[in-house]
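Asks: Mind looking over this structure? Questions follow.
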Amino acid sequence: MNRLLDILSRNADFTTAQLAAMLGESEDAVKKQIEDYKEKGIIKGSNTLINWDKVEDSGVTAIIELKVTPKPETGFDDTAKIVMSYDNVESVYLAASSRYDLIATVKGRTIQEIAEFVSKRLSTLDNVIGTATSFILTQYKGGGVCFVDSEEQEEQRSMIL
Amino acid sequence: MIEYNSLINKKLSGIKPSGIRRFFDIANEMDHVISLSIGEPDFTTPWHVRQEGIESLRRGHTWYSPNSGFAELRGQISNYYARRFNVEYDPGHEILVTVGGSEAIDLCIRALVNEGDEVLIPQPAFVCYDPMTVMAGGTPVIIETKAENGFRLTAKELEEKITPKTKLLILPFPNNPTGAVMRREHLEEIAKVIEKHNILVLSDEIYGELTYGKERHVSFADIKGMKERTIVVSGFSKAYAMTGWRLGYALGPAPVISAMTKLHQYAIMSAPTTAQYAAIEALKHGDSDIEHMREEYDIRRRLIVDEFCRMGLTCFEPEGAFYVFPSIKISGMDSETFCEKLIYSQKVAIVPGTAFGDCGEGFARVSYSYSLKHIQEALVRIEKFLNENGK
C-alpha cells in the first residue's frame with residue numbers, strides 16, 4: 001500500500017472512492033489503511049502548500065544550522081526538543097554533516113526578528129556551541145511542487161495527429 | 001495564375017484531412033483549455049537516455065548512420081524483442097531502424113501493396129493506415145470492430161472481408177483510440193484465418209509496453225507460424241517517452257525488410273543519429289523507466305474509468321495504450337457535437353470517436369497522458385457538462 005502514500009503525498013484532495021479506484025482496492029480497505037497510517041503516526045496531517053513569496057507581508061524564512069554537543073544518554077534529542085517547542089520553528093532535522101548537527105527552519109516577520117530569536121533563544125542553549133543562519137530569498141520548489149513559473153509547467157506538447 | 005490545386009497528386013487531393021486536427025485547431029484558439037486529447041506521453045525522456053544523446057553530440061557524432069541503423073542499435077533491438085516479447089530477429093537482415101513507427105508503416109505498405117491490392121484495416125484505429133494505403137495504390141477495406149467485443153478483431157469479422165485481392169491485414173493492438181488489446185487466444189484465432197488465406201500482417205505494436213493487468217502484450221509474431229507472415233512495427237516514442245526523437249523500427253522476414261530498406265534508403269537515407277545513440281541507452285538500461293511510467297498510467301487509467309462509469313459515460317475497461325474510449329450516447333448527441341459543445345462550454349478538449357473511423361460514432365477518445373491533477377480538473381468539468389446537458 002506504499003502506492004497509497006505515494007499518491008497522497010502528491011495530492012491529498014482525492015476522495016477515498018477515487019483512491020480505491022486508482023489502486024484497485026475496495027473503498028473500505030483504503031479507509032481502513034488510512035486510519036491505520038494515522039494511528040501509527042505515518043500520516044501526520046495534510047497542509048496546503050502556499051507560495052508565501054506571492055503573499056504580501058508574509059515575512060521571512062531562515063535556515064538555521066546548529067552545532068550541538070551531544071549528551072551522553074540522549075544525544076541530540078534534548079536540544080532538538082527545545083528547539084522544536086518554539087512556534088516559529090517550522091521544521092527541525094538531525095543531519096549527518098561535519099559542520100552542523102541540527103538544522104531548523106524558522107519563520108519570522110522580519111530579518112531582525114529572526115536574528116534576535118537565534119541570538120537570544122538558540123545560541124544561548126546549554127549545548128549549542130555555534131549557529132549559522134541563512135535567509136531564504138526565493139523558494140523555487142516545495143512539497144514536490146514548483147513555485148516559480150518554469151517553462152516545464154506549461155504544456156509544450158504540440159497537438160499533431 | 002497557376003491552378004495549384006489541379007496540380008496536386010489526385011490520390012492525395014482525395015484524402016481528407018485528419019478529423020483530429022479540427023479539434024486541435026479549436027483548442028489552440030482558446031485560452032485555459034484543459035486538454036485530454038494529446039496522443040503522446042507527458043513524461044520527458046528519462047535523463048540517462050537524454051544524456052547519451054547529448055554525449056554523442058559532444059563527441060561530435062553528427063554524421064549519417066548506416067541506412068538500416070547502427071549495428072549496435074539493431075543488436076539491442078534484437079535483444080529487447082527477445083527479452084520482452086519472446087521473438088528473435090536477426091539484427092543483420094530482419095531489422096530496420098526508421099523515423100518513428102510511422103515511417104515503418106508507410107514503408108511496409110508501399111513495399112508490399114500493388115495497384116488494386118486490398119488492405120484490411122480494423123477501425124476505430126489510428127488515422128494513418130487508410131491514406132498510406134491509398135497513396136500506395138491499394139484499396140483500404142475497413143473492418144468495424146465492436147464495443148461488445150471489447151473492440152477486438154474477431155476471426156469472423158476478418159474472414160468476411162477477405163477477397164482474392166486481399167494482400168495485407170493491419171493489426172493495430174494495443175489500440176489507439178480504444179485501448180483494446182488482443183490476448184494470445186484472440187491472436188491464435190486470427191492466425192488461423194491468416195494461414196488459410198495466405199495473407200501478410202502488419203502488426204503495429206507501438207503501444208506494446210503499455211498494457212495493464214497481469215498479462216503482458218503478446219506479439220503477433222510470437223503466434224505459431226506467424227513470424228514469417230508478420231512485419232512488426234514499433235518504436236521508442238511510447239515505451240520510453242521519446243516522441244520528439246523520431247525513432248522507430250520494423251522487424252520482419254529478410255526479403256520484406258530488404259525491400260523496405262531500399263525505399264528507406266532513397267526517401268530518408270537514415271534515421272536520426274543522435275536519437276539512435278540515445279535509443280541504445282534506453283534499450284540497455286531503460287526497463288525500469290518503462291515500469292515506472294506504466295504504473296503511473298495505470299493509476300490514472302483506473303481513476304478515469306471509474307469516474308466515467310460513475311458519471312454514466314460507460315466505457316469497457318481499456319487494457320492498453322493510454323486512452324479510454326467512453327460511450328457518449330447518454331448525452332443524446334453525436335460525437336462531433338458532444339466534443340464541440342464540451343470544448344466551447346467547459347473548455348475541455350477530447351477527440352470525437354469518428355476521427356478514427358465511422359464506427360467511432362457514439363464514442364470519444366480521452367487521453368490520460370496527463371498529470372493526476374490535470375485529469376482531476378478535467379473530470380470535474382466533464383461532470384458539470386453532463387449535468388448541464390440533461391444527463
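Asks: Tally the residues that are under 14 Å from B:G312 (Cβ atoms) and within 11 Å of chain A (Cβ to nearest Cβ), restricting the search to region B:358-391.
Replies: Qualifying residue count, region B:358-391: 1.
Asks: Next question. Looking for something under 22 Å from B:V218 (Cβ atoms), of a type in the set (V, I, T) and either more than 14 Å from chain A (Cβ to nearest Cβ) or in a loop (DSSP other than H, G, I, E, B) (or both) - is there at least one such residue anywhere in region B:284-297?
Replies: There is at least one residue in region B:284-297 that is under 22 Å from B:V218 (Cβ atoms), of a type in the set (V, I, T) and either more than 14 Å from chain A (Cβ to nearest Cβ) or in a loop (DSSP other than H, G, I, E, B) (or both).
Asks: On to the next question. Only one of these is in a helix (DSSP H, G or I), more than 14 Å from chain A (Cβ to nearest Cβ) and surrounded by 15 or more Cβ atoms within 10 Å (Cβ to Cβ): B:G53, B:G69. Name it. It would help to see each step written out before you state the result.
Replies: Numbers: B:G69 fails: in a helix (DSSP H, G or I).
None of the other options fit; the residue is B:G53.
Asks: Right, here's the next one. Could you tell me whether region A:119-141 includes any residue that is in contact with a helix residue (DSSP H, G or I) (Cβ under 8 Å, 6 or more places away or on another chain) and closer than 28 Å to A:L8 by Cα?
Replies: For region A:119-141, residues in contact with a helix residue (DSSP H, G or I) (Cβ under 8 Å, 6 or more places away or on another chain) and closer than 28 Å to A:L8 by Cα: present.
Asks: I've got another one for you. When you go through A:T74, A:T61 one by one, which is the residue that is touching a Ser or Thr at 6+ places or on another chain (Cβ under 7 Å) and among the polar types (S, T, N, Q)? Spell out how you get there, then give the answer.
Replies: On the way: A:T74 fails: touching a Ser or Thr at 6+ places or on another chain (Cβ under 7 Å).
From the options A:T74, A:T61, the qualifying one is A:T61.
Asks: Considering every residue within region B:126-137, establish whether at least one is in contact with an Asp or Glu (Cβ under 6 Å, 6 or more places away or on another chain) and closer than 26 Å to B:L247 by Cα. Can you show your working first?
Replies: As a first pass, look at region B:126-137 and keep what is in contact with an Asp or Glu (Cβ under 6 Å, 6 or more places away or on another chain): B:132, B:137.
Subsequent filtering for residues that are closer than 26 Å to B:L247 by Cα retains B:132.
Yes, that holds for at least one residue.
Asks: For A:L66, indicate whether it is within 30 Å of A:V118 (Cβ to Cβ), touching a residue at least 40 places away in the same chain (Cβ under 8 Å) and within 14 Å of another protein chain (Cβ to nearest Cβ).
Replies: Working: within 30 Å of A:V118 (Cβ to Cβ): yes; touching a residue at least 40 places away in the same chain (Cβ under 8 Å): yes; within 14 Å of another protein chain (Cβ to nearest Cβ): no.
Against the criterion (within 30 Å of A:V118 (Cβ to Cβ), touching a residue at least 40 places away in the same chain (Cβ under 8 Å) and within 14 Å of another protein chain (Cβ to nearest Cβ)), A:L66 does not qualify.
Asks: Anything in region B:246-259 that is crowded, with 22+ Cβ neighbours inside 10 Å and closer than 18 Å to B:Y64 by Cβ? List them, or say none.
Replies: Residues satisfying the conditions are B:L247, B:G248, B:Y249.
Asks: Let me ask another. Sort through A:A104, A:A80, A:A62 and tell me the only one that's within 29 Å of A:A12 (Cβ to Cβ), buried (at least 17 other Cβ atoms within 10 Å of the Cβ) and over 15 Å from the mean Cα position of the chain (by Cα). I'd like the intermediate steps shown before the answer.
Replies: Details: A:A104 fails: over 15 Å from the mean Cα position of the chain (by Cα); A:A62 fails: over 15 Å from the mean Cα position of the chain (by Cα).
Going through A:A104, A:A80, A:A62 in turn, just one is within 29 Å of A:A12 (Cβ to Cβ), buried (at least 17 other Cβ atoms within 10 Å of the Cβ) and over 15 Å from the mean Cα position of the chain (by Cα): A:A80.
Asks: If you go through region A:1-39, how many residues are hydrophobic (A, V, I, L, M, F, W, C), part of a loop (DSSP other than H, G, I, E, B) and more than 8 Å from chain B (Cβ to nearest Cβ)? I'd like the intermediate steps shown before the answer.
Replies: Residues of region A:1-39 that are hydrophobic (A, V, I, L, M, F, W, C), as a first pass: A:1, A:4-5, A:7-8, A:12, A:14, A:17, A:19-23, A:29-30, A:34.
Keeping just the survivors that are part of a loop (DSSP other than H, G, I, E, B) gives A:1, A:12, A:14.
If we keep only those that are more than 8 Å from chain B (Cβ to nearest Cβ) too, we end up with A:1, A:12.
Total satisfying the criteria: 2.
Asks: To continue, here is another question. For A:E56, which of the numbered conditions (1) part of a loop (DSSP other than H, G, I, E, B); (2) free of Cβ contacts under 8 Å to residues at least 24 places away in the same chain; (3) closer than 30 Å to B:I299 by Cβ; (4) more than 14 Å from every other protein chain (Cβ to nearest Cβ) fails to hold?
Replies: Of everything listed in (1) part of a loop (DSSP other than H, G, I, E, B); (2) free of Cβ contacts under 8 Å to residues at least 24 places away in the same chain; (3) closer than 30 Å to B:I299 by Cβ; (4) more than 14 Å from every other protein chain (Cβ to nearest Cβ), A:E56 misses just condition (3).
Asks: Would you pick out the residues in region B:324-337 that are over 16 Å from B:C359 (Cβ atoms) and within 27 Å of the chain's Cα centre (by Cα)? Give the steps one after another, and end with the answer.
Replies: Taking region B:324-337 as the starting set, the residues that turn out to be over 16 Å from B:C359 (Cβ atoms) are B:324, B:330-333, B:337.
Correct list: B:V324, B:T337.
Asks: When you look at B:F316, is it modelled with pLDDT of 95 or more and either part of a helix (DSSP H, G or I) or closer than 20 Å to B:D358 by Cα (or both), yes or no? Can you show your working first?
Replies: Working: modelled with pLDDT of 95 or more: no; either part of a helix (DSSP H, G or I) or closer than 20 Å to B:D358 by Cα (or both): yes.
Against the criterion (modelled with pLDDT of 95 or more and either part of a helix (DSSP H, G or I) or closer than 20 Å to B:D358 by Cα (or both)), B:F316 does not qualify.
Asks: Are any of the residues in region B:353-363 touching a residue at least 40 places away in the same chain (Cβ under 8 Å), in contact with a helix residue (DSSP H, G or I) (Cβ under 7 Å, 6 or more places away or on another chain) and within 30 Å of A:D6 (Cβ to Cβ)? First the steps, then the outcome.
Replies: First, pick out the residues of region B:353-363 that are touching a residue at least 40 places away in the same chain (Cβ under 8 Å): B:353-360, B:363.
So of that shortlist, the ones also in contact with a helix residue (DSSP H, G or I) (Cβ under 7 Å, 6 or more places away or on another chain) come out as B:353-355, B:360, B:363.
With the extra rule that they be within 30 Å of A:D6 (Cβ to Cβ), the set shrinks to none.
No, that holds for no residue.
Asks: Answer yes or no: is there a residue in region B:29-39 that is under 23 Å from B:A104 (Cα atoms), touching a residue at least 24 places away in the same chain (Cβ under 8 Å) and either out of contact with any His (no Cβ under 7 Å at 6 or more places or on another chain) or not in a loop (DSSP other than H, G, I, E, B) (or both).
Replies: To start, the set of residues in region B:29-39 that are under 23 Å from B:A104 (Cα atoms) comprises B:38-39.
With the extra rule that they be touching a residue at least 24 places away in the same chain (Cβ under 8 Å), the set shrinks to B:38-39.
Still in the list and also either out of contact with any His (no Cβ under 7 Å at 6 or more places or on another chain) or not in a loop (DSSP other than H, G, I, E, B) (or both): B:38-39.
Scanning region B:29-39, I find at least one residue that is under 23 Å from B:A104 (Cα atoms), touching a residue at least 24 places away in the same chain (Cβ under 8 Å) and either out of contact with any His (no Cβ under 7 Å at 6 or more places or on another chain) or not in a loop (DSSP other than H, G, I, E, B) (or both), so the answer is yes.
Asks: Within the group A:E73, A:E155, A:E90, A:E116, which residue is charged (D, E, K, R), surrounded by fewer than 12 Cβ atoms within 10 Å (Cβ to Cβ) and free of Cβ contacts under 8 Å to residues at least 40 places away in the same chain? It would help to see each step written out before you state the result.
Replies: Values: A:E155 fails: surrounded by fewer than 12 Cβ atoms within 10 Å (Cβ to Cβ); A:E90 fails: surrounded by fewer than 12 Cβ atoms within 10 Å (Cβ to Cβ); A:E116 fails: surrounded by fewer than 12 Cβ atoms within 10 Å (Cβ to Cβ).
A:E73 is the lone residue from the list that is charged (D, E, K, R), surrounded by fewer than 12 Cβ atoms within 10 Å (Cβ to Cβ) and free of Cβ contacts under 8 Å to residues at least 40 places away in the same chain.
Asks: Just to be sure, is B:I77 aliphatic (A, V, I, L, M), away from chain A (no Cβ under 14 Å) and over 18 Å from B:L171 (Cβ atoms)?
Replies: Values: aliphatic (A, V, I, L, M): yes; away from chain A (no Cβ under 14 Å): yes; over 18 Å from B:L171 (Cβ atoms): yes.
Yes, satisfied.
Asks: With (1) assigned to a helix (DSSP H, G or I); (2) of a type in the set (K, R); (3) within 14 Å of another protein chain (Cβ to nearest Cβ) as the list, and B:K16 as the residue in question, which single condition is left unmet?
Replies: Checking B:K16 against (1) assigned to a helix (DSSP H, G or I); (2) of a type in the set (K, R); (3) within 14 Å of another protein chain (Cβ to nearest Cβ), the one that fails is (1).
Asks: With respect to B:V181, is the statement that it is outside any helix (DSSP H, G or I) and under 22 Å from B:K284 (Cα atoms) true?
Replies: Numbers: outside any helix (DSSP H, G or I): yes; under 22 Å from B:K284 (Cα atoms): no.
Spelling it out, it is not the case that B:V181 is outside any helix (DSSP H, G or I) and under 22 Å from B:K284 (Cα atoms).
Asks: When only residues in region B:31-50 that are within 14 Å of chain A (Cβ to nearest Cβ), surrounded by 15 or more Cβ atoms within 10 Å (Cβ to Cβ) and of a type in the set (V, I, T) count, which is nearest to B:G92 (Cα to Cα)?
Replies: The qualifying residue nearest to B:G92 (Cα to Cα) is B:T45.
Asks: Condition check: away from chain A (no Cβ under 13 Å), part of a loop (DSSP other than H, G, I, E, B) and either on the phi < 0 side of the Ramachandran plot or at pLDDT 95 or above (or both). Does B:M333 satisfy that?
Replies: Yes.
Asks: While we're on this one: Scanning region B:221-261 for residues that are assigned to a helix (DSSP H, G or I) and within 17 Å of B:V99 (Cβ to Cβ), which turns out nearest to the chain's Cα centre (by Cα)? Spell out the reasoning first.
Replies: Restricting attention to region B:221-261, the residues satisfying the condition of being assigned to a helix (DSSP H, G or I) are B:221-222, B:227-229, B:243-245, B:254-261.
Add one more test, that the residue is within 17 Å of B:V99 (Cβ to Cβ), and what stays is B:243-245, B:257, B:260-261.
On the way: B:T243: 12, B:G244: 15, B:W245: 16, B:I257: 20, B:M260: 20, B:T261: 22 Å.
Per the criteria, the residue is B:T243.
Asks: Scanning for something crowded, with 22+ Cβ neighbours inside 10 Å, under 24 Å from the mean Cα position of the chain (by Cα) and in the same structural domain as B:A278 (by TED's automatic domain parsing), does region B:82-90 turn up at least one residue? Before you say what the answer is, go through the steps one by one.
Replies: Step one: of region B:82-90, the residues crowded, with 22+ Cβ neighbours inside 10 Å are B:89.
Cutting the leftovers down to under 24 Å from the mean Cα position of the chain (by Cα) gives us B:89.
From what is left, the residues that are in the same structural domain as B:A278 (by TED's automatic domain parsing) are B:89.
There is at least one residue in region B:82-90 that is crowded, with 22+ Cβ neighbours inside 10 Å, under 24 Å from the mean Cα position of the chain (by Cα) and in the same structural domain as B:A278 (by TED's automatic domain parsing).
The values are calculated or read from the model by the stated rules, or taken from the named source; none is laboratory data. Treat the numbers as computed from the prediction; the structure is a model and nothing was measured. All Cβ positions, even for glycine, are placed from backbone atoms using ideal geometry, and neighbour counts span all protein chains on display.
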